[in-house]
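Structure first, then comments.
The values are calculated or read from the model by the stated rules, or taken from the named source; none is laboratory data. Predicted model only: the values in this text are computed from it and were never measured. Methodologically, a virtual Cβ is constructed for each residue, glycine included, from the backbone with ideal geometry; neighbour enumeration extends over all protein chains shown.
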């Protein structure tokens, strides 16, 4: 067990890779009553095509990772949620584009729920009937998100940007893909993605890490797993052009919403990716927030209200920046975004603004260490990305004006896609 | 601790957080019309102030304080409305050099509270923002169902009043309304200042006294009450152009938050619908796949309980019946000993876990102030522990079903109540 201390952020964690390949990360948070443990596989909604070490390819319908997440909550002898509740713990799970995570929190003893977490994630017990029954629940869930205008706007933006990439689907897939998922597909997907050597277990609690590690080692040494050929997500080839340059849809909302997104190349190297993402974020904050003097004018001119923002997201095989707003002046908003992008492309940044933003992000990073959720999920993602938890902040510290100039070049290649949500009033 | 009449300060010292939180809570009566003014005032207060009279200057100041946050919330607490201004800064010990982070933050709060910029341009901008917020809440069908459900069930009582204000009320506001309500707030409101984190109480008290010098006041106010009105129970149907339908059902509990049986009601709510172990989730979702989520909630300061879920239109009647059936099962004691024990444990766990969240610690301290008592978390856990099956049945039987609101897609034969 390796102890890793970070003096600057005053945090300590312990790491170990077990014999079966399961990697364990334990954060020690003294004084806390609560504990949180999360078991994560890098199987996400993006994994529609995978390949193993022997070159064998696997293809799955959209939404399979999320479907599997739902079905994991059944065990041979009863329901997982009930079992955790009986132990005084809360269990839950989520699926993102890049991972599926199962976690529990408790303010009581850790040992029993921790073993249960390992046990239920490491066993799949489903049959035809239970798979069919789940489809109704999942489709209700998809419909719920579809009726939320914000998440729908984001979904349509992704669908506009990508022709092939699985980002064009909702994480849960769609009605048809969910209906098409079979028991065999779920079992195969489980078999190749839930092997301990693929997964990471992250815990945050006040207890002695040595004791916890012992519980985990004992639980794992009692189980046998077949040898696994390593599995990898297949990347998708995307053309530079978006799938749809413009797209308009309507919902029962009061004001129109617009998103303007630019499709960028992905970045293979993780450090480079984090650096470019920071640089673009700095530019966005400098040119499209209250730090930019015209921002107030845009509000005063009612180009948009407080529902306005921007995002940057870079992955291995995809990238995008997105501006969105609730607006009655859509043409004017488009102009402003185009002008903003031009300014950002110059890569000019005031030294003082750069320092100011670094201060802000440092404060935010410190505060995020209060959040067990942030800690566990970031730990898992960093592990899958083979990077250290705090390296993102080190990268930020080192960023200078030249880095920002370089990253700004990337923006010049961006192809634009505009999605408009128009009100469709009730009769 | 009272620093002057009507002004209290509470410290919650702990080293477990990386930051220090300061919450200033202004309390006045929740009144139709007044609530809209106060919710707009709250937005204006954190937008700009006289000294930092642009958003740019506000951001620069907050970044100077290492990304200090400054937010405003308005909320109803039974018969009163709270405006909360909250700021969080990192623990100054993370900075290498000597610093005046705490002093600067209190000085900043002083400017925000005592020298607001109540001017036309700030007024207009924030009025637009508040109107848009209200519209967005109406756009979200589940939120819309909840708002309508409470408004309908609580007609003529504080429960029926929106702490945010209604669209029509906000639309009619003028700058002088806001200036007048600000003066009233500074003169009349009961004020609680809560500071949580790695703090040294004496020096913070000194800072509070120096920078937040509120005048004494003699306001008397009781926040909690038990909602009652003459309305007959009924189901209202509202329409929206949506595919899924939403239900909000409301009961009046007749058990105020100060009642000795209140914690039995907390357990009853947990058996009924608060958690995924509860009857509602198990029967409606797990057994029949009718919905994705279904939960019940207590609106404790008003003495009300609500159930919300989203379903397909053809299942509305069946689901509402099923919800009633589960309610009656709790009344009749038709639930297992396991479920009772699990429910108690869940409530106890959430109480325990509240000690790990700054927000919950502040909420807990504030609750003690509102109810003028000094319970500890473990006192409450004891009360939950002692709850019996008979008490759960008793408090649930006291509940009176008041209103069902259904938001669904329009049919020609349905009235549009928007």
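In this structure, is residue B:273 crowded, with 23+ Cβ neighbours inside 10 Å, within 13 Å of chain A (Cβ to nearest Cβ) and not in a loop (DSSP other than H, G, I, E, B)?
Working: crowded, with 23+ Cβ neighbours inside 10 Å: yes; within 13 Å of chain A (Cβ to nearest Cβ): no; not in a loop (DSSP other than H, G, I, E, B): yes.
It is false that residue B:273 is crowded, with 23+ Cβ neighbours inside 10 Å, within 13 Å of chain A (Cβ to nearest Cβ) and not in a loop (DSSP other than H, G, I, E, B).
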Limited to the range A:229-263, what total is found for residues that are modelled with pLDDT under 90, under 23 Å from the mean Cα position of the chain (by Cα) and exposed (fewer than 15 other Cβ atoms within 10 Å of the Cβ)? 2
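Within the range B:188-216, take every residue that is more than 26 Å from residue B:19 (Cα to Cα) and surrounded by 16 or more Cβ atoms within 10 Å (Cβ to Cβ) and give me the one that is nearest to the other protein chains (Cβ to nearest Cβ). Outline the logic, then answer.
So the first thing to find is which residues in the range B:188-216 are more than 26 Å from residue B:19 (Cα to Cα), and the list is B:188-190, B:215-216.
From what's left, surrounded by 16 or more Cβ atoms within 10 Å (Cβ to Cβ): B:188-190.
Working: B:188: 29, B:189: 25, B:190: 29 Å.
Residue satisfying both the conditions and the ranking: B:189.
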Would you point out the residue of the range B:135-156, among those that are more than 9 Å from chain A (Cβ to nearest Cβ) and either outside any helix (DSSP H, G or I) or free of Cβ contacts under 8 Å to residues at least 40 places away in the same chain (or both), that is surrounded by the fewest Cβ atoms within 10 Å (Cβ to Cβ)? B:156
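Kindly indicate whether residue A:260 is away from chain B (no Cβ under 14 Å), more than 24 Å from residue A:164 (Cα to Cα) and touching a residue at least 12 places away in the same chain (Cβ under 8 Å). Break it down stepwise before answering.
On the way: away from chain B (no Cβ under 14 Å): yes; more than 24 Å from residue A:164 (Cα to Cα): no; touching a residue at least 12 places away in the same chain (Cβ under 8 Å): yes.
Judged against the criteria, residue A:260 is not a match.
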Grab the helices (runs of 4 or more DSSP H) fully contained in the range A:138-206, keeping just those with 2 or more residues being in contact with a strand residue (DSSP E or B) (Cβ under 7 Å, 6 or more places away or on another chain) and crowded, with 17+ Cβ neighbours inside 10 Å. A:149-161, A:183-193
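Within the range A:268-297, can you find the residues that are part of a loop (DSSP other than H, G, I, E, B), more than 9 Å from chain B (Cβ to nearest Cβ) and out of contact with any helix residue (DSSP H, G or I) (no Cβ under 6 Å at 6 or more places or on another chain)?
Narrowing the range A:268-297 to residues part of a loop (DSSP other than H, G, I, E, B): A:268-269, A:288-293.
Subsequent filtering for residues that are more than 9 Å from chain B (Cβ to nearest Cβ) retains A:268-269, A:288.
Correct list: A:268, A:269.
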Return the pairs, sorted by first residue and then second, in which the second residue is crowded, with 24+ Cβ neighbours inside 10 Å and at pLDDT 95 or above, the first residue lies in the range B:256-275 and is not assigned by TED's automatic domain parsing to the domain that holds residue B:346, the beta carbons are less than 7 Å apart, and the residues are 6+ apart or on different chains. none
Tell me yes or no: at least one residue of the range A:298-308 is within 10 Å of chain B (Cβ to nearest Cβ), assigned to a strand (DSSP E or B) and crowded, with 17+ Cβ neighbours inside 10 Å. no
Would you mention how many residues in the range A:318-358 are out of contact with any strand residue (DSSP E or B) (no Cβ under 8 Å at 6 or more places or on another chain), more than 24 Å from residue A:396 (Cβ to Cβ) and crowded, with 17+ Cβ neighbours inside 10 Å? 2
For residues that are under 28 Å from the mean Cα position of the chain (by Cα) and farther than 18 Å from residue B:381 by Cα, scanning just the range B:330-346, find the one that is surrounded by the most Cβ atoms within 10 Å (Cβ to Cβ). B:330
Please state which of the following conditions residue A:130 fails to meet, knowing it meets all the rest: (1) assigned to a loop (DSSP other than H, G, I, E, B); (2) in contact (Cβ under 8 Å) with a residue 24 or more places away in the chain; (3) within 14 Å of chain B (Cβ to nearest Cβ). (1)
Residue list for the range A:34-57, filter: surrounded by 22 or more Cβ atoms within 10 Å (Cβ to Cβ) and more than 18 Å from residue A:199 (Cα to Cα): A:35, A:48
Among the residues of the range B:26-56, the number that are more than 9 Å from every other protein chain (Cβ to nearest Cβ), assigned to a loop (DSSP other than H, G, I, E, B) and under 25 Å from residue A:356 (Cβ atoms) is 5
What tally of residues in the range A:104-121 results from selecting those that are more than 14 Å from chain B (Cβ to nearest Cβ), surrounded by 20 or more Cβ atoms within 10 Å (Cβ to Cβ) and touching a helix residue (DSSP H, G or I) at 6+ places or on another chain (Cβ under 9 Å)? 5
Are any of the residues in the range B:389-408 in contact (Cβ under 8 Å) with a residue 40 or more places away in the chain and closer than 30 Å to residue B:191 by Cβ? no
Of all the residues that make up the range A:374-397, how many are more than 14 Å from every other protein chain (Cβ to nearest Cβ), touching a helix residue (DSSP H, G or I) at 6+ places or on another chain (Cβ under 8 Å) and either in contact (Cβ under 8 Å) with a residue 24 or more places away in the chain or not in a helix (DSSP H, G or I) (or both)? 8
Residue that is nearest to the other protein chains (Cβ to nearest Cβ) [pool: residues in the range B:116-133 that are in a loop (DSSP other than H, G, I, E, B) and surrounded by 17 or more Cβ atoms within 10 Å (Cβ to Cβ)]: B:117
Run down B:240, B:313 and say which single residue is at pLDDT below 95, in contact with a helix residue (DSSP H, G or I) (Cβ under 9 Å, 6 or more places away or on another chain) and at negative phi. B:240
Qualifying residue in the range A:272-290 (condition: free of Cβ contacts under 8 Å to residues at least 40 places away in the same chain, closer than 15 Å to residue A:320 by Cβ and in the same structural domain as residue A:324 (by TED's automatic domain parsing)): yes
Just to verify a result, which residue in the range B:57-99, among those that are touching a helix residue (DSSP H, G or I) at 6+ places or on another chain (Cβ under 7 Å), assigned to a helix (DSSP H, G or I) and at the interface with chain A (Cβ under 9 Å from one of its Cβ atoms), is farthest from residue B:179 (Cα to Cα)? B:94
Would you confirm whether or not the range A:58-79 contains a residue that is buried (at least 22 other Cβ atoms within 10 Å of the Cβ) and on the phi > 0 side of the Ramachandran plot? yes
Hey, could you check the range B:325-344 for residues that are within 14 Å of chain A (Cβ to nearest Cβ) and in contact (Cβ under 8 Å) with a residue 60 or more places away in the chain and say which is farthest from residue B:267 (Cα to Cα)? B:335
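Can you report the number of residues in the range A:86-127 which are in contact (Cβ under 8 Å) with a residue 40 or more places away in the chain, part of a helix (DSSP H, G or I) and closer than 18 Å to residue A:207 by Cα? Walk me through how you get there before you give the answer.
Pass one, the range A:86-127, residues in contact (Cβ under 8 Å) with a residue 40 or more places away in the chain: A:95-107, A:110-111, A:113-115, A:117-127.
Within this subset, residues satisfying the condition of being part of a helix (DSSP H, G or I) are A:111, A:113-115, A:117-121.
Pick out the ones that are also closer than 18 Å to residue A:207 by Cα and you get A:111, A:113-115, A:117.
Total meeting the criteria: 5.
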